[in-house]
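Input: a single structure, listed below in structure tokens.
The values are calculated or read from the model by the stated rules, or taken from the named source; none is laboratory data. Only a predicted model underlies this, so the values are computations on that prediction, with no experimental measurement involved. Because the Cβ atoms are built from the backbone with ideal geometry, glycine has one as well, and the counts that use them run over all protein chains shown. Ligands, DNA and RNA are excluded from the accessible area calculation, which covers all protein heavy atoms including side chains. Shrake-Rupley method; radii C 1.70, N 1.55, O 1.52, S 1.80 Å.
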Amino acid sequence: MTPSKIVCIGRNYVDHIQELGNEIPADMVVFLKPNSAITTELIAFQQEPIHYETELCFIMENNQFSAVGVGLDLTKRALQSSLKTQQLPWERAKAFNGSALFSDFIPLDSLGKSACEKWAFQLSINEKVIQVGHSDLMMYSTSAIKQSLTEFISLEDGDIVMTGTPKGVGVVNVGDCFSVKLWRAIDYSDSRSLENYMLNNVPQLTQQWLAK
């Protein structure tokens, strides 16, 4: 099923806001990617170096989040910074062809879970852990995101919602091996406990890409 659009939540993790030197927004930051942004290849360069942002993602069906996965929001960071300085929209930096890469999605009913459960995800590059996220660390929960979005936009069956990225974003380099993993998680207490949980529990999902 091809989504009609990808709805993205920006600045949803405080530590990511701080690493980019942005201000904490007064309201949820929302932007869109067209379905032409979806790709199966991880690109390292398109007019400028590409940056990765790893995100917890959901598919919409029958007005509910029906499946969960992990996605990469691929960004032209230099262009985005220029657009932000000029107070212009981000589409040229965020919505270009090939700017959205997704793992397989797992139906939530097959897990006996809902989107409101605890989720943890991880990005490793060349077997080194780079980004770690947990749904408890999101400023806006999955239920809050859905409620807010449906107040002003129609979510069609197949639409994908990307819920924001934690700290650790960076540049994609040719030849890098990217690996994403997703867990049904425990409550978040601290980073060490989460790391131990990830080490000692098999993820629900693992996917890899080689940057080209």
Helix-derived mean residue ellipticity, 222 nm - over the chain, DSSP H n ≥ 4, -39500 (n - 2.57), to 500: -5000 deg cm²/dmol
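With the cut-off at 1.5 for a/c, could you classify region 1-98 from its C-alpha gyration tensor as rounded, prolate or oblate?
Details: a/c = 1.76, a/b = 1.24, b/c = 1.42.
Verdict is oblate for region 1-98.
If you put +1 on each Lys and Arg Cβ and -1 on each Asp and Glu Cβ, how big is the dipole of region 24-91 around its Cα centre, in Debye rounded to 20?
Working: 4 positive and 8 negative charges, 39 e Å.
So the dipole magnitude of region 24-91 works out to roughly 180 debye.
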Most mobile listed residue (PHE45, PHE102, PHE152) in the chain, GNM with C-alpha springs under 10 Å: PHE152
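Less than 15 Å Cβ to Cβ from SER148, Lys/Arg counted +1 and Asp/Glu -1: what total charge do the surrounding residues give? The partial results should precede the final answer.
Numbers: positive: ARG11, LYS146; negative: ASP27, GLU151, ASP159.
Value of the local net charge: -1.
Using the Cβ atoms and a cut-off under 12 Å, what net charge is assigned to the surroundings of LEU123, where Lys and Arg are +1 and Asp and Glu are -1? It would help to have the intermediate numbers written out before the result.
Values: positive: LYS128, LYS167, LYS181; negative: GLU53, GLU55, ASP73, GLU127, ASP176.
The answer is -2.
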Charge dipole (the chain, unit charges on Cβ, about Cα centre) - positive-most of TYR13, THR39, MET138: THR39
Relative contact order of the chain, defined on C-alpha pairs under 8 angstrom at six or more residues apart (%): 30
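Would region 71-112 count as rounded, prolate or oblate if I go by the C-alpha gyration tensor, calling it rounded below 1.5 in a/c and otherwise prolate when a/b exceeds b/c, oblate otherwise? Can you show the working numbers first?
Numbers: a/c = 4.43, a/b = 3.06, b/c = 1.45.
It comes out prolate by the Cα gyration axes.
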Reported label for calculated semi-axes √(5λ) of the Cα gyration tensor in Å given [x] 23, 21, 18; [y] 37, 19, 14; [z] 47, 18, 17: [x]
Highest-fluctuation residue, CYS177, CYS116, CYS57 considered, GNM on the chain with Cα pairs under 10 Å: CYS116
Virtual paramagnetic centre 7 Å along Cα→Cβ of LEU205, amide N under 11 Å, in region 179-196: 180-184
Max mean-square fluctuation residue, GNM over the chain, Cα-Cα springs under 10 Å, options GLY21, GLY98, GLY170: GLY21
Dipole magnitude (debye, nearest 20) for the chain, charges at Cβ of Lys, Arg, Asp, Glu: 380
Accessible area of TYR140 in the full protein assembly, 1.4 Å probe (Å², nearest 10): 50
Within straight-line cross-link reach of LYS167, lysines at Cα separation under 21 Å, skipping those fewer than 8 residues along the same chain: LYS76, LYS84, LYS94, LYS118, LYS128, LYS181
